[in-house]
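Asker: Got a structure here, written out as structure tokens. Questions coming.
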Amino acid sequence: MQGPALRAIAPTPHVTLQDGGRRGWRRFGLAGAGAMDRMALALANSLVGNRASEAALEFAYAGGEWAVDAASCRIAVAGAGFVTTIDGVAVPPLTSAILRGGQRLRIGGSPQRVWGYLAVAGGFAIPPEFGSRSTHVRTRIGGLRGRTIQAGAILPLVAYRANDEPERAMSMPHEEEGPCRIVLGPQDDFFGADSISLLLNSEYQITWQQDRMAYRLDGPNLRHCRGYNIISDGVMPGCIQVPGTGTPILLMRDAGTVGGYPKIATVIEPDLGRVAQMRPGSVVQFQAVSVAEAHAIRRRYLARLQLIADETGPLPSALT
Amino acid sequence: MPVGDCALSVEFDNVIDRQVSALVRALDLAIAASDIPGIVETVPSFRALLIVYEPEDIGFDSLIEQLLRLISLGLNTRVSSGRSWIVPVAYGFPDEEDFREIAAVTKLTTDEIVAIHSSAVFQVYVVGFVPGLPVLGGLPDALHLSRRPAPRPDLPAGRVMIGGMQGIIVPMPMPSGYYSVGQTPLRPYQRGAANPFLFRPGDRIRFQPILPAELDVLAGTSSDRFLTTGDE
């Protein structure tokens, strides 16, 4: 007999399984992958009682239609503004809910965000690959056979039925605002002072050329002062590389591990999910910080992540 | 140089050569053997070592200080020379056309191409671009040729290729602007294996001509048989 599973009735085109990403394989050319917005992943997981970096379904722009082949399953959706219903009944934002066999879960579009997460209590019974369940579609590694989730796909679940704990909810977490913080380098010396100042004092627009590999930014072109070919070296998600055209490209979670264009600066980890969530047409401004400042920001960010786990509590009984 | 808040890059001379590559690898090994806390992973490339760290476990200044101490102790490039492989290649198979194109550009006969390519000692400078792909330095000058203006789609695993001043062995289906010199039964990426990636930065590779008929015979052979020295 078939075990419990989440069934994709009408998934949107870019649904993949993602967790906290993989570590230790970059030296062999394998990207870390993992959720584009780690904070939203942690939110969805906390609401269903999972650990923060458990694998969940990540979708872009909207989530589509889902059903469960099990008695019941506790689910939660995170990513602001993704309108969620079960058999037409709205699930309040940042609240867990029970999806029963035969019911339909629909996750609509969000006017505010790009990436949303659907977490299931207990997680998916899908074996990790290279230490992670994150899907890297380009190399067909991880997730459900290394691919995006197609209509009809069956995702095995760990739990047969939802436990009878009360639903969980949390208040909207405090959202960081303001400019996106970057650390200059590692190849800022390939650019003149005028280009650095342009990067820091201009508005760059997020374009439709955004995916899990990279975001192309639209704004003043940056000029190299020493050519634009470097000997390829290691890159990280967050690196802003500038090819010959002068158009900055922000590398994301699925980007390759080595690259041959100068990297003028790198977006700090705590701000990368925030930029990843910016929809085409949004404007991003960059602010340079020192590594020490970046680490202080990181500590506050990790404390906020911890707070998500601590503050997710049972729904007040008046609401249930 | 910092690479954001979780990584830094140690850059050596701005050239691609064996000596610089050996320094990168020597530092990589020295870090692995050291007790520096907070190192998550490292990524050696031609002339730089990317070091990913956990800022909760080690500060930037402290990490730099400890790296400088390691470097000041002297990097031993002798112990960092890696493993040696003999990689069989069915030259000119199955892309005969590529072979003729290389011959036309380099003004060599196909026999000369095989002789030159199989007598060189290549070194793995980087593994990357796609998982498990070894980028090989040491391509003899006579075989240097520009890449194709447009890449060819979907080259299968095991293609041995040259382009620019480098060689590669295709680990999984991918597009490439390089020219194919032949096919090897070895697979740089073996999905599900205990050690899925065959080659590491620092490994040395010599190619040995085989007949196309031998590809199938050798396909099931343990990859250890193609190592000529032990594991470091």
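The values are calculated or read from the model by the stated rules, or taken from the named source; none is laboratory data. The model shown is predicted, which means the values in this text are computed figures rather than measured ones. As a convention, Cβ positions derive from the backbone with ideal geometry for all residues, glycine included, and neighbour counts pool all protein chains shown.
Asker: Quick check: is even one residue across the range A:89-101 more than 14 Å from chain B (Cβ to nearest Cβ), touching a residue at least 24 places away in the same chain (Cβ under 8 Å) and closer than 16 Å to A:Trp115 by Cβ? Talk me through it step by step, then tell me what you get.
Answerer: Step one: of the range A:89-101, the residues more than 14 Å from chain B (Cβ to nearest Cβ) are A:89-101.
When the remaining residues are screened for being touching a residue at least 24 places away in the same chain (Cβ under 8 Å), the result is A:92-101.
With closer than 16 Å to A:Trp115 by Cβ added as a condition, the list becomes A:93-94.
Scanning the range A:89-101, I find at least one residue that is more than 14 Å from chain B (Cβ to nearest Cβ), touching a residue at least 24 places away in the same chain (Cβ under 8 Å) and closer than 16 Å to A:Trp115 by Cβ, so the answer is yes.
Asker: If I filter the range A:295-320 down to residues being modelled with pLDDT of 90 or more and surrounded by fewer than 15 Cβ atoms within 10 Å (Cβ to Cβ), which single residue comes out as farthest from the chain's Cα centre (by Cα)?
Answerer: A:Ala296
Asker: Which pairs turn up if I take residues in the range A:28-57 that are free of Cβ contacts under 8 Å to residues at least 24 places away in the same chain and look for partners that are in a strand (DSSP E or B) with beta carbon separation below 6 Å, at least 6 apart in sequence or on another chain?
Answerer: Qualifying pairs under 6 Å: A:Phe28/B:Val127; A:Phe28/B:Phe197.
Asker: Look at A:Thr16 and say whether it is touching a Ser or Thr at 6+ places or on another chain (Cβ under 7 Å) and in contact (Cβ under 8 Å) with a residue 24 or more places away in the chain. Spell out how you get there, then give the answer.
Answerer: Numbers: touching a Ser or Thr at 6+ places or on another chain (Cβ under 7 Å): yes; in contact (Cβ under 8 Å) with a residue 24 or more places away in the chain: yes.
Considered against the rule, which asks whether it is touching a Ser or Thr at 6+ places or on another chain (Cβ under 7 Å) and in contact (Cβ under 8 Å) with a residue 24 or more places away in the chain, A:Thr16 comes out as yes.
Asker: Right, here's the next one. Restricting attention to the range A:39-46, does a residue exist that is part of a loop (DSSP other than H, G, I, E, B), modelled with pLDDT of 95 or more and farther than 14 Å from A:Val137 by Cβ? Before you say what the answer is, go through the steps one by one.
Answerer: We begin by selecting, within the range A:39-46, every residue part of a loop (DSSP other than H, G, I, E, B); these are none.
No: zero hits.
Asker: Within the bounds of the range B:203-217, is there any residue that is within 12 Å of chain A (Cβ to nearest Cβ), out of contact with any Gly (no Cβ under 7 Å at 6 or more places or on another chain) and not in a helix (DSSP H, G or I)?
Answerer: no
Asker: Okay, next question. Could you please give the count of residues in the range B:42-92 that are of a type in the set (A, V, I, L, M, F, W, C) and facing chain A (nearest Cβ under 8 Å)? Outline the logic, then answer.
Answerer: Step one: filter the range B:42-92 for residues of a type in the set (A, V, I, L, M, F, W, C), giving B:43, B:46, B:48-52, B:58, B:60, B:63-64, B:67-68, B:70-71, B:73, B:75, B:79, B:85-87, B:89-90.
Now narrow it down to the ones that are facing chain A (nearest Cβ under 8 Å): B:43, B:46, B:48-50, B:52, B:60.
Residues meeting the conditions: 7.
Listed here are the residues, each with its yes/no results for (1) at pLDDT 95 or above; (2) touching a Lys or Arg at 6+ places or on another chain (Cβ under 9 Å).
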{"position": "B:Val130", "(1), (2)": "no, yes"}
{"position": "B:Gly137", "(1), (2)": "no, yes"}
{"position": "B:Asp141", "(1), (2)": "no, no"}
{"position": "B:Arg152", "(1), (2)": "no, no"}
{"position": "B:Gly163", "(1), (2)": "no, yes"}
{"position": "B:Ile169", "(1), (2)": "yes, yes"}
{"position": "B:Pro175", "(1), (2)": "no, yes"}
{"position": "B:Pro185", "(1), (2)": "yes, no"}
{"position": "B:Gln190", "(1), (2)": "no, no"}
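Asker: Looking only at the range B:90-103, decide whether some residue is touching a Leu at 6+ places or on another chain (Cβ under 6 Å), in the same structural domain as B:Ser222 (by TED's automatic domain parsing) and surrounded by 15 or more Cβ atoms within 10 Å (Cβ to Cβ).
Answerer: Step one: of the range B:90-103, the residues touching a Leu at 6+ places or on another chain (Cβ under 6 Å) are B:90.
Of the ones still in play, those that are also in the same structural domain as B:Ser222 (by TED's automatic domain parsing) are B:90.
Checking the rest, the ones that are also surrounded by 15 or more Cβ atoms within 10 Å (Cβ to Cβ) come to B:90.
Checked against the condition, which is being touching a Leu at 6+ places or on another chain (Cβ under 6 Å), in the same structural domain as B:Ser222 (by TED's automatic domain parsing) and surrounded by 15 or more Cβ atoms within 10 Å (Cβ to Cβ), the range B:90-103 yields at least one hit.
Asker: Can you pull out every residue in the range A:48-95 that is of a type in the set (A, V, I, L, M), under 18 Å from A:Thr16 (Cβ atoms) and part of a loop (DSSP other than H, G, I, E, B)?
Answerer: A:Ala55, A:Ala62
Asker: Right, here's the next one. If you check every pair at least six apart or on different chains, which have Cβ atoms under 8 Å apart with a residue in the range B:65-79 that is outside the structural domain of B:Ile39 (by TED's automatic domain parsing) and at pLDDT 85 or above first and a residue that is among the aromatic types (Phe, Trp, Tyr) and surrounded by fewer than 11 Cβ atoms within 10 Å (Cβ to Cβ) second?
Answerer: Cβ pairs passing all conditions: none.
Asker: In the range B:1-30, which residues are under 18 Å from B:Leu68 (Cβ atoms), in contact with a strand residue (DSSP E or B) (Cβ under 6 Å, 6 or more places away or on another chain) and either more than 12 Å from chain A (Cβ to nearest Cβ) or part of a helix (DSSP H, G or I) (or both)?
Answerer: Keep residues of the range B:1-30 that are under 18 Å from B:Leu68 (Cβ atoms), which gives B:1-3, B:7-13, B:23-24, B:26-30.
Retained after the next criterion (residues that are in contact with a strand residue (DSSP E or B) (Cβ under 6 Å, 6 or more places away or on another chain)): B:1-3, B:7-11, B:24, B:27-28.
Of everything in the range B:1-30, those that are under 18 Å from B:Leu68 (Cβ atoms), in contact with a strand residue (DSSP E or B) (Cβ under 6 Å, 6 or more places away or on another chain) and either more than 12 Å from chain A (Cβ to nearest Cβ) or part of a helix (DSSP H, G or I) (or both) turn out to be B:Val24, B:Leu27, B:Asp28.
For (1) charged (D, E, K, R); (2) within 14 Å of the chain's Cα centre (by Cα); (3) surrounded by fewer than 24 Cβ atoms within 10 Å (Cβ to Cβ), each residue gets a yes or a no:
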position	(1), (2), (3)
A:Ile9	no, no, yes
A:Arg26	yes, no, no
A:Ala33	no, yes, no
A:Leu41	no, yes, no
A:Ala52	no, yes, yes
A:Thr85	no, no, yes
A:Ser96	no, no, no
A:Gly122	no, no, yes
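Asker: How many residues does the range A:77-96 hold that are under 28 Å from A:Met278 (Cα atoms) and out of contact with any helix residue (DSSP H, G or I) (no Cβ under 9 Å at 6 or more places or on another chain)?
Answerer: At the first step, the residues of the range A:77-96 found to be under 28 Å from A:Met278 (Cα atoms) are A:77-86, A:90-96.
After this cut, where a residue has to be out of contact with any helix residue (DSSP H, G or I) (no Cβ under 9 Å at 6 or more places or on another chain) as well, the list is A:81-86, A:90-91, A:93.
Number of matching residues: 9.
Asker: Can you tell which of B:Glu54, B:Glu11 is touching a Pro at 6+ places or on another chain (Cβ under 9 Å), surrounded by fewer than 15 Cβ atoms within 10 Å (Cβ to Cβ) and either within 30 Å of B:Val181 (Cα to Cα) or of a type outside the set (S, T, N, Q) (or both)? Write out each step before concluding.
Answerer: Working: B:Glu11 fails: surrounded by fewer than 15 Cβ atoms within 10 Å (Cβ to Cβ).
B:Glu54 is the lone residue from the list that is touching a Pro at 6+ places or on another chain (Cβ under 9 Å), surrounded by fewer than 15 Cβ atoms within 10 Å (Cβ to Cβ) and either within 30 Å of B:Val181 (Cα to Cα) or of a type outside the set (S, T, N, Q) (or both).
Asker: Of the residues that make up the range B:43-51, is at least one without any contact (Cβ under 8 Å) to a residue 40 or more places away in the chain and either touching an Asp or Glu at 6+ places or on another chain (Cβ under 8 Å) or of a type outside the set (Lys, Arg) (or both)?
Answerer: yes
Asker: Working carefully through the options A:Glu176, A:Glu165, find the one that is under 30 Å from A:Pro262 (Cα atoms), acidic (Asp, Glu), modelled with pLDDT under 95 and assigned to a loop (DSSP other than H, G, I, E, B). Break it down into steps so the answer makes sense when it comes.
Answerer: Numbers: A:Glu165 fails: under 30 Å from A:Pro262 (Cα atoms).
Result of the check over A:Glu176, A:Glu165: A:Glu176.
Asker: Looking at A:Arg181, A:Arg147, which one is over 25 Å from A:Pro93 (Cα atoms), within 14 Å of another protein chain (Cβ to nearest Cβ), within 27 Å of the chain's Cα centre (by Cα) and not acidic (Asp, Glu)? First the steps, then the outcome.
Answerer: On the way: A:Arg147 fails: within 14 Å of another protein chain (Cβ to nearest Cβ).
Selected residue: A:Arg181, the only one of A:Arg181, A:Arg147 that is over 25 Å from A:Pro93 (Cα atoms), within 14 Å of another protein chain (Cβ to nearest Cβ), within 27 Å of the chain's Cα centre (by Cα) and not acidic (Asp, Glu).
Asker: Something else about it: Please tell me if A:Asp189 is touching a residue at least 12 places away in the same chain (Cβ under 8 Å), within 14 Å of chain B (Cβ to nearest Cβ), under 16 Å from A:Ile264 (Cα atoms) and surrounded by fewer than 18 Cβ atoms within 10 Å (Cβ to Cβ).
Answerer: Values: touching a residue at least 12 places away in the same chain (Cβ under 8 Å): yes; within 14 Å of chain B (Cβ to nearest Cβ): yes; under 16 Å from A:Ile264 (Cα atoms): yes; surrounded by fewer than 18 Cβ atoms within 10 Å (Cβ to Cβ): yes.
Taking the combined requirement at face value, the residue satisfies it.
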